[in-house]
Structure formats: structure tokens, C-alpha cells
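The values are calculated or read from the model by the stated rules, or taken from the named source; none is laboratory data. These figures come from a predicted structure and were not determined experimentally. Cβ: placed from backbone, ideal geometry, glycine included. Neighbour counts: every protein chain shown. Protein only, heavy atoms only, side chains kept; ligands, DNA and RNA dropped before computing areas. Shrake-Rupley method; radii C 1.70, N 1.55, O 1.52, S 1.80 Å.
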Amino acid sequence: FRGEKATTFDGGIRVPLIIRYPGHIEENSVSHDTFFSIDLLPTFAHLTGASLPQNEIDGKNVWDLIAGKEDAENPHEYYSITLRGDFHGVMRADGKWKLQLPHAYRVPLRGGRDGSAGVYTHTEIDTSLFDLVHDPYEKVNVIREYPDIALELIQHAEQHQKRFYD
């Protein structure tokens with residue numbers, strides 16, 4: 001995937017997850033559904049009957065997705081994508097579309113070796129839309145080809161920005 005840790009491209013945020021829960025999750029099953037780590041607390045609370053904190057949390061119960069229930073839908077409309085407190089974009093909860101907002105990011109010139117740090121340069125990305133199903137490596141900005149999708153995600157980003165960053 002594009003990018004690496006310390007970027008908000010999928011190479012920096014996508015992580016595999018293995019869950020074993022005999023009698024509840026089919027053995028050797030695979031899911032390509034999208035959810036973020038913020039959903040683990042409310043999902044585990046649901047499974048154990050534990051109470052959630054009184055304060056508002058971002059995560060939601062995604063047990064139906066994890067369990068592979070037929071017609072399960074992600075309870076989120078979108079996920080925000082941040083790095084070190086900086087808001088970089090949003091991803092639609094179905095995992096198909098990702099909007100990157102303008103920001104600087106690092107690009108490796110030379111990888112680290114034997115514990116030493118690599119060498120990086122910085123570049124910038126403008127507002128960009130990626131179709132993660134057909135372009136999982138985030139190579140082609142399709143913002144002009146899908147203006148309605150871009151507008152939907154830009155509106156989510158603006159609402160998120162006002163709510164959490166203004």
C-alpha cells in the first residue's frame with residue numbers, strides 16, 4: 001500500500017487483525033469489511049455486557065461486521081483520519097472511498113537499516129479522492145471523475161473539522 005507508518009495513506013493506517021472466537025466466528029473466515037480500532041472498545045463492551053464510559057466516544061459496536069453476519073453494515077457514515085492530532089481526511093465507512101485533505105507527508109529516500117533511521121523528504125498532497133476498491137495503492141486521484149462522492153466526503157470533513165478542530 002502507499003505510504004508507511006507516520007502517514008495517513010493506507011500503508012500507514014491499514015493493519016491486519018486476527019480474531020479467534022470459537023462458536024461465534026467461523027474458523028478460517030476472511031473479511032474485507034472496514035472498521036477502525038476506535039470500534040474495538042464498544043464492540044468488546046457489547047460482547048461482555050460492560051458499560052461504556054459516560055463521555056462520548058467515537059467508536060461504535062461493529063460486532064456484526066466482525067462476526068460476518070449477512071447484510072451487516074458499518075454503523076458509521078465515515079471515519080476521520082488523523083495523524084498526531086492533525087486532521088488529514090475521511091474515509092467512507094464502507095471502505096470504498098477515501099478523501100485526503102491538503103497536507104504535507106513524508107516520503108522515504110532510503111530505508112533504515114540495522115536499527116538506524118531512514119532518510120526522508122517531505123512533499124504535499126492536495127485535496128484528493130481515491131477509489132480504494134479499484135486503486136488500493138492510492139495512485140490515481142479521481143476527484144474530477146466522481147465530484148458527487150468528493151462533495152459528500154468534503155461535507156463530512158467540514159462537519160468533522162468544525163466539531164473537533166475549530
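Do any trypsin sites (Lys or Arg not before Pro) in the stretch 42-87 lie in a DSSP loop with no more than 12 other beta carbon atoms within 10 Å, and if so, which? All intermediate terms of the calculation are to be shown ahead of the outcome.
Details: sites: K60, K69, R84; in loops: K60, K69, R84.
Passing both the DSSP loop test and the Cβ count: K69, R84.
Residues of the stretch 76-108 falling in the label zone of T121, defined by backbone nitrogen less than 19 Å from a point 7 Å along Cα to beta-carbon, are 103-108.
Select from the stretch 69-138 those GluC sites (Glu not before Pro) which occupy a DSSP coil region and have at most 14 other Cβ atoms within 10 Å, ordered by residue number.
E70, E73, E77
Cut-off under 18 Å on the C-alpha distance; same-chain residues fewer than 8 positions from K162 excluded. Which aspartates and glutamates are left, in chain and number order? Counting by Cα, and skipping residues close in sequence, K162 has these aspartates and glutamates nearby: E56, D58, E77, D86, E152. Among the listed pairs K60/K96; K96/K139; K69/K139; K69/K96; K98/K139, a Cα-Cα separation exceeding 21 Å is found for K69/K139.
Roll a 1.4 angstrom probe over the protein heavy atoms and tell me the percent of accessible area of the chain that is carbon or sulfur. Provide the component values of the computation, followed by the final result.
Details: 5430 of 11150 Å².
The value for the chain is 49 percent carbon and sulfur by accessible area.
Spin-label model, K69 to E145: label points 7 Å out along the Cα-to-beta-carbon direction sit 3.5 nm apart.
Given a 1.4 Å probe, how much area per residue of the chain is accessible, in Å²? Please report the intermediate quantities before stating the final value.
Values: 11150 Å² over 166 residues.
Roughly 67 Å² per residue, with all protein chains present.
Along the axis of the charge dipole computed for the chain (Cβ charges of +1 for Lys and Arg, -1 for Asp and Glu, origin at the Cα centre), the listed residues H156, G115, L17 are led at the positive end by G115. Amide H to amide H, with H built 1.01 Å from N, H88 comes under 5 Å of I81, T82, L83, counting only residues 5 or more places away or on other chains.
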